[in-house]
Amino acid sequence: MPHGCSTSTNLLAGLLAAASIAAAIPAQAGTATGAATEWTQVLNNGELVSLVGQSGEQIQNQLTQISQLAQQIETQLNIYQNLLQNTATLPSHIWGDVESDLNQLRSIVDQGQSVSFSMANADDLLQQRFQSYANLKTNLPNAASFSSTYETWSDTNRDTIASTLEGASLTADQFDGEESTMSSLRSMSETADGQMRALQVGHQIAAQQVAQMQKLRGLVSQQMTMMGTWLQAEQTDKDLAQARREKFFNAEVKSIPEGQKMEPRW
């Protein structure tokens, strides 16, 4: 597993630190939460604009690495399938590699879901905290929010995987966690038919993840662009307001010319 694929939490440090916490916090919590306060302080400092760019690049790098790893697994599983066609069953040492690849594939799915979840939380948090962000128009279809679009992506990905597993007489629960995945694979390793089913399912899911990560990359890129544009506009408005205040309070006070005096007129 590439180092950059460890967890999405590390890659979202700073920008999305508040997002994952805010998921469990009611919208009315407002600035009473430490997470919301931290987000506001960063925004007030004008540092979030550059942070958006940095975090966006890190997220894109992670999704690229996930996609590349899925492609590698897809290719390797195809090699195993071809090998299995010429032998009764795969030797235990080769099947051990198959188990490792399929378990990595399960981890890839989890990482994609984690990125989607975190980015959706960031969208929810901003909409709760800032009216100008909530009113921002996007190019998403049917005026959808990024939060709902990520949810749709996540649901579609899970449903696709479930239907793929169902086609091989398997259930999503059998590949839901590491322990259940390894247990299922050990059972399937006992026959050539079981091994082939596992390889075919893994190959299909790996191909699906390559396509799904491409879609997720596009969605993240669009969200980051919109967030950056909004943050720059917010900072520009603040800078302009500050400049006007300074101009007003630093304006030269004209003295009354000599020979003129103030006197009541009625």
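Here is a list: ALA36, ALA88. Which entry is out of contact with any Asp or Glu (no Cβ under 9 Å at 6 or more places or on another chain) and either among the β-branched types (Val, Ile, Thr) or at pLDDT below 80 (or both)?
Details: ALA88 fails: either among the β-branched types (Val, Ile, Thr) or at pLDDT below 80 (or both).
Of ALA36, ALA88, the one residue that is out of contact with any Asp or Glu (no Cβ under 9 Å at 6 or more places or on another chain) and either among the β-branched types (Val, Ile, Thr) or at pLDDT below 80 (or both) is ALA36.
At least 3 residues that are more than 17 Å from the chain's Cα centre (by Cα) and touching a residue at least 60 places away in the same chain (Cβ under 8 Å) in each: list the helices (runs of 4 or more DSSP H) lying fully within segment 74-187 that qualify.
Details: elements: 92-129, 131-134, 146-167.
Correct list: 92-129.
In segment 204-218, which residue that is in contact (Cβ under 8 Å) with a residue 60 or more places away in the chain and either of a type in the set (Phe, Trp, Tyr) or surrounded by fewer than 21 Cβ atoms within 10 Å (Cβ to Cβ) (or both) is nearest to ASP97 (Cα to Cα)? Give the steps one after another, and end with the answer.
In the first step, residues of segment 204-218 are kept if they are in contact (Cβ under 8 Å) with a residue 60 or more places away in the chain; the result is 205-207, 209-210, 212-217.
So of that shortlist, the ones also either of a type in the set (Phe, Trp, Tyr) or surrounded by fewer than 21 Cβ atoms within 10 Å (Cβ to Cβ) (or both) come out as 207, 210, 214-215, 217.
Values: ALA207: 19, VAL210: 21, GLN214: 26, LYS215: 29, ARG217: 29 Å.
Checked segment 204-218; the qualifying residue nearest to ASP97 (Cα to Cα) is ALA207.
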Residue among PHE117, PHE130 that alone is surrounded by 14 or more Cβ atoms within 10 Å (Cβ to Cβ) and within 23 Å of LYS215 (Cα to Cα): PHE117
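Surrounded by fewer than 15 Cβ atoms within 10 Å (Cβ to Cβ) and at pLDDT below 75: is that true of GLN235 in this structure?
Judged against the criteria, GLN235 is not a match.
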Odd one out for PRO141 among (1) surrounded by fewer than 21 Cβ atoms within 10 Å (Cβ to Cβ); (2) touching an Asp or Glu at 6+ places or on another chain (Cβ under 8 Å): (2)
Scan of segment 189-203 for residues that are open to solvent by less than 40 Å² (accessible area, probe 1.4 Å) and polar (S, T, N, Q), ordered by number: SER189, GLN195
Subset of segment 161-182 (residues that are hydroxyl-bearing (Ser, Thr, Tyr) and open to solvent by less than 50 Å² (accessible area, probe 1.4 Å)): THR164, SER180, THR181
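The values are calculated or read from the model by the stated rules, or taken from the named source; none is laboratory data. All of these numbers come straight from a predicted model, not from anything done at the bench. Cβ coordinates were reconstructed from backbone atoms using ideal geometry, including for glycine residues, and neighbour counts include every protein chain displayed. SASA here: full protein model, heavy atoms, side chains in, ligands and nucleic acids out. Shrake-Rupley method; radii C 1.70, N 1.55, O 1.52, S 1.80 Å.
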